């Protein structure tokens, strides 16, 4: 077991330990909400060594380390029942792995169609089907692929854009939303009949005319009313706001970028608060987490990290904590930073595995 706690070590771990020693370890339940973070599990995918680390988010201690048996694990998504989760692998001719959530054992895996890099998966509300996107083929439009999650058989493909990185599904299951970096547009898939529509994030675009990407939409989060999608545009340093019913971009928020490293340095992935008032976005080469108010569009915080390349992001169900994954340099360990959403400050951090891109948070059963 391995962990690294910073500023709140005493209040998060030592204080409960002293209390337990005083009253007897058997009587110390750790259920006091004033101590530690929200009761849940943080899942951290280490792409560089094909492992999955699990952390108790009350104590920030590692509780399990799993050999995923899939190469370059990049993204993790639970099915609606919470009984299984699926890992997609960022690799040409990639894989989907199906895992038992109780045991973290690999139940089944499948190789996806040739030349597909499945960076993310969206799962239908009945848990029957998963839609994976394709991050490869930058020069042409590609497809979103539909899988039967019971058998892991490939069912069909629907048209997408070029270099599709992130895919989400609305809470009512009526729409799948995917962002296409190199074609500067959003794919909307309607699972009832797998029809597709496209929305450009570029206000100057001309239908049917291909140009070099200016925005680079990379990540998506959908509000809890299924009305708005927030789209992180890496190349333009913006989050664009998509009205899902009207199928049009209605607003944008400028995201500050400091100490930029590399080419794709802007907004990367997003999380949204339970009340839909705050969006949190990592900035990859910008090496930060930015929070903004969805009503006023004001920047609430711009939090810099010491470990480079902030990427994955997760939020606890109660909205008390946000977790940002900083990948670090190749062959080095990454780091997860814990942000208190009330004070919008870093409170802890964890030393994790190599190339830790994907993270997820689940409440404790």
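The values are calculated or read from the model by the stated rules, or taken from the named source; none is laboratory data. Remember, predicted model here, so these are calculated numbers, not experimental data. Methodologically, a virtual Cβ is constructed for each residue, glycine included, from the backbone with ideal geometry; neighbour enumeration extends over all protein chains shown.
Mind listing just one residue for me: the one in the range 332-355 that is assigned to a loop (DSSP other than H, G, I, E, B) and buried (at least 18 other Cβ atoms within 10 Å of the Cβ) and, of those, farthest from the chain's Cα centre (by Cα)?
It comes out as 341.
Hey, can you tell me all the residues within the range 356-365 that are under 16 Å from residue 49 (Cβ atoms) and not in a loop (DSSP other than H, G, I, E, B)?
Residue satisfying the conditions is 359 alone.
For residue 250, only one of the following conditions fails: (1) surrounded by fewer than 19 Cβ atoms within 10 Å (Cβ to Cβ); (2) not in a strand (DSSP E or B). What is its number?
Residue 250 satisfies all of (1) surrounded by fewer than 19 Cβ atoms within 10 Å (Cβ to Cβ); (2) not in a strand (DSSP E or B) except (2).
Among the residues of the range 67-87, which ones are within 14 Å of residue 354 (Cα to Cα), part of a strand (DSSP E or B) and in contact (Cβ under 8 Å) with a residue 24 or more places away in the chain?
73, 74
Does residue 115 satisfy the condition of being within 27 Å of residue 233 (Cβ to Cβ), within 20 Å of the chain's Cα centre (by Cα), surrounded by fewer than 16 Cβ atoms within 10 Å (Cβ to Cβ) and touching a residue at least 12 places away in the same chain (Cβ under 8 Å)?
For residue 115, the condition - within 27 Å of residue 233 (Cβ to Cβ), within 20 Å of the chain's Cα centre (by Cα), surrounded by fewer than 16 Cβ atoms within 10 Å (Cβ to Cβ) and touching a residue at least 12 places away in the same chain (Cβ under 8 Å) - is not met.
Of all residues in the range 45-66, how many are within 28 Å of residue 169 (Cβ to Cβ) and touching a residue at least 40 places away in the same chain (Cβ under 8 Å)?
Matching residues across the range 45-66 total 10.
What is the residue count in the range 284-316 for residues that are assigned to a loop (DSSP other than H, G, I, E, B), over 25 Å from residue 40 (Cβ atoms), touching a strand residue (DSSP E or B) at 6+ places or on another chain (Cβ under 9 Å) and modelled with pLDDT of 95 or more?
2
So residue 48 fits all but one of (1) crowded, with 23+ Cβ neighbours inside 10 Å; (2) modelled with pLDDT under 95; what number is the exception?
All conditions pass for residue 48, except number (1).
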